[in-house]
Amino acid sequence: MDVGIVSYGAYVPRWRITPVEIGRVWGTDGEAISRGLNVKSKSVPSPDEDVITMSVEAARNLMKRCKVDPKDIGAIYVGSESHPYAVKPTATIVAEAIEAAPDLTAADYEFACKAGTAAIQTCMGLVASNMMKYGMAIGTDTSQGAPGDALEYSASAGGAAFLIGASDIAARIDETYSFTTDTPDFWRREGEMYPRHGGRFTGEPAYFKHVLTCGKNLMEIAGTSPEDYDYVVFHQPNGKFPLRAAKMLGFGKEQTTTGLLSPMIGNTYSAAVLLGLASILDISKPGDRILAVAYGSGAGSDAFDITVTEHITELRKDPFLLVSNMISGGKFLDYATYAKFRGKITLAEGSK
Amino acid sequence: MAIPRFWRETPSRYNLFASKCGNCGEVHFPPRSVCPSCHRKSIGRMKSIKLCGSGNILSYSVVHDAPEDFEMQKPYIIAIIEMKDGVRLTAPIIDCDECDIDIGLEVEASFRKLGQEGKAGVIHYGYKFRPLNTTPPEK
């Protein structure tokens with residue numbers, strides 16, 4: 001049975017800040033950091049936005065594109081490392097807000113930056129085994145870097161939702177493969193506000209080992225090579241890693257540009273590869289082939305071999321739902337306002 | 001606000017569910033169980049309807065002296081919105097600069113955090129409105 005993406009929706013908050021502005025406050029060369037990371041600006045959520053609101057916005061944008069009855073959605077899984085509640089699911093609120101409740105299963109996923117793609121794989125299994133007609137997988141984050149930490153220059157916010165089904169498929173998922181190891185490259189302990197990371201350790205043994213192995217193994221399973229793909233999208237913690245991974249696997253710049261959003265909006269964590277994929281689906285033609293490789297610290301990669309079908313054009317009737325529309329026209333913040341928005345300022349007891 | 005009260009209002013706060021009188025056709029938001037015009041004639045004839053989600057600003061105010069819960073968001077805009085369905089409601093306007101707000105501006109509902117019961121309490125979500133995007137994206 002063919003299983004794939006029936007609809008998709010994206011959400012990127014309105015606010016931006018530049019690494020140059022962050023560097024100005026911390027006495028570092030923000031321009032050099034911006035160049036080094038290939039991140040010109042990152043998205044910032046409003047004080048009244050969190051993973052729940054952005055997941056709802058992405059899910060509603062998904063529903064606007066298609067004619068699916070929300071009552072036919074049998075599962076909603078939300079992947080994030082910044083769920084507002086430690087106990088109480090984001091997914092139940094999304095289900096209620098898109099009127100899919102109560103006849104469905106819902107849960108939150110956590111696997112650093114790849115919880116959203118893990119949710120897609122779960123939905124694929126549930127749909128392929130005929131347990132349900134549609135499953136919705138969402139990847140959203142509002143992650144933070146500690147003030148002055150290297151992560152602060154790129155950690156941003158965004159969300160993307162994908163509806164997985166077996167009929168009216170707009171992009172068929174031909175193969176999926178995962179590669180998982182126990183690698184302590186990045187973590188956040190229970191109750192801690194900011195994550196910790198292993199500095200340079202996060203590159204070779206973590207991101208590159210998992211992304212390259214997963215991408216290579218998937219192509220072996222699918223019997224494909226880089227030239228068979230029109231587009232490729234990797235997890236993008238910055239604008240440099242995915243370009244290097246693409247080159248090492250044998251992909252050209254023209255295959256990577258469309259899905260590379262981190263230079264404009266930074267690292268959206270669980271949403272990163274999904275927003276990149278949404279951006280590709282926004283312009284791809286029937287028959288186009290896409291390789292998507294997610295990465296989550298801790299560590300693992302999920303890879304997908306995707307073929308776009310003729311139904312894709314039916315999902316693109318509203319230009320306001322395009323990722324490019326959400327990325328353009330961002331409003332830039334100074335660091336003080338950014339710190340206030342992100343709750344980085346310690347307030348007096350009793351203040352909100 | 002008490003948790004049960006907010007929970008009871010979830011359909012109207014999340015999805016703008018209103019009531020329509022089966023006798024006179026008047027729409028009410030928040031929903032009512034009895035029509036204030038038809039009284040007992042409306043009993044058992046009130047229907048639940050979903051508002052379309054967009055409308056125009058009828059009047060607005062920019063709040064500079066905010067209540068404690070909204071201190072971090074000031075200055076913010078609060079507006080009376082005339083919905084396309086004919087009903088009026090009051091809501092904050094987001095993603096809009098003070099210089100861009102105007103009477104008649106077309107707005108649409110979005111989903112935002114409304115408040116929380118302290119750091120450890122429940123978080124309340126619901127509608128706020130933002131200017132309707134009318135400029136097509138650059139190609």
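Which percent of the accessible heavy-atom area of chain A goes to carbon and sulfur, probe 1.4 angstrom? Please report the intermediate quantities before stating the final value.
Details: 7030 of 13310 Å².
Solvent-exposed carbon and sulfur of chain A make up 53 percent of the total.
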message: If you take each beta carbon of peptide B:109-117 and count the beta carbons of other chains within 10 angstrom, what is the mean?
response: 5
message: Amide H of B:Leu105 versus every other amide H placed in the peptide plane: which residues, excluding those fewer than 5 positions away on the same chain, fall under 5 Å?
response: B:Ile57
Trypsin sites (Lys or Arg not before Pro) restricted to the stretch A:57-110 and DSSP loop, no more than 12 other C-beta within 10 Å: A:Lys67
- line: Per principal axis, largest first, the Cα atoms of the stretch B:52-131 extend in Å by 38, 26, 17
field: Neighbour net charge for A:Val44 - beta-carbon separation under 10 angstrom, K R +1, D E -1
entry: +4
- prompt: So for chain B, taking the charge dipole from beta-carbon charges (+1 Lys/Arg, -1 Asp/Glu), which of B:Val63, B:Ile3, B:Leu105 sits furthest toward the positive end?
  reply: B:Ile3
message: Let me check the size of chain B from its C-alpha atoms; what are the radius of gyration and Dmax in Å?
response: 16.8, 57
- line: Residue by residue through the stretch A:182-190, the couplings from Karplus 6.51 cos²θ - 1.76 cosθ + 1.60 with θ = phi - 60°, in Hz, x for Gly and Pro, are 8, 10, x, 8, 6, 7, 9, 6, 3
- request: Could you tell me the distance between the Cα centroids of the stretch A:218-294 and the stretch A:82-153, to the nearest Å?
  value: 21
statement: With every protein chain in place, the residues of the stretch B:53-72 shedding 20 Å² or more of accessible area versus the chain by itself (probe 1.4 Å) are B:Glu68, B:Asp69, B:Met72
message: Please compute the contact order of chain B in relative form: average sequence separation of alpha-carbon pairs under 8 Å and at least six residues apart, divided by the residue count, as a percent.
response: 20
task: Collect residues whose amide H, placed 1.01 Å from N in the peptide plane, falls under 5 Å from the amide H of B:Met46; neighbours closer than 5 in sequence don't count.
output: B:Gly22
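State, as an integer percentage, the relative contact order of the stretch A:182-304 based on alpha-carbon contacts under 8 Å between residues 6 or more apart. Before the final figure, lay out each step's value.
Details: 186 pairs, mean separation 40.8, N = 123.
Reported as a whole number, the value is 33 percent.
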- request: Calculate, for the protein assembly as shown, the solvent-accessible area per residue in square angstrom, rolling a 1.4 angstrom probe over the heavy atoms of the protein chains.
  value: 43
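Please get the size of the charge dipole for the stretch B:52-131, origin at its Cα centre, with Cβ charges of +1 on Lys and Arg and -1 on Asp and Glu, quoted in debye to the nearest 20.
300
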- line: Taking the convex hull of the alpha-carbon atoms of chain A and averaging its shadow over every direction gives an area in square nanometres of 16.7
message: Taking 26 Å as the cut-off for C-alpha to C-alpha distance, list the pairs among A:Lys209/A:Lys344; B:Lys20/B:Lys84; A:Lys40/A:Lys114; B:Lys74/B:Lys113 that go past it.
response: A:Lys209/A:Lys344
- prompt: Which of the residues in the stretch A:1-36 lose at least 30 Å² of accessible area when you go from the chain alone to all protein chains together (probe 1.4 Å)?
  reply: A:Arg14
- prompt: Which GluC sites (Glu not before Pro) from the stretch A:153-219 combine a DSSP loop assignment with at most 10 other Cβ atoms within 10 Å?
  reply: A:Glu190, A:Glu192
- prompt: Largest first, how would B:Ser48, A:Ser270 line up by accessible area (1.4 Å probe)?
  reply: B:Ser48, A:Ser270
field: Sequence-separation-based contact order of chain A, relative, with Cα cut under 8 Å and 6+ spacing, percent
entry: 24
field: Shape call, the stretch B:22-62: gyration tensor on alpha carbons, a/c limit 1.5
entry: prolate
- prompt: Probe 1.4 Å, all protein chains in place: accessible area of B:Val87 in Å², nearest 10?
  reply: 10
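The values are calculated or read from the model by the stated rules, or taken from the named source; none is laboratory data. Predicted model only: the values in this text are computed from it and were never measured. Backbone-built Cβ (ideal geometry, glycine too); neighbour counts: all protein chains shown. For accessibility, only protein heavy atoms count, side chains too; no ligands or nucleic acids. Shrake-Rupley method; radii C 1.70, N 1.55, O 1.52, S 1.80 Å.
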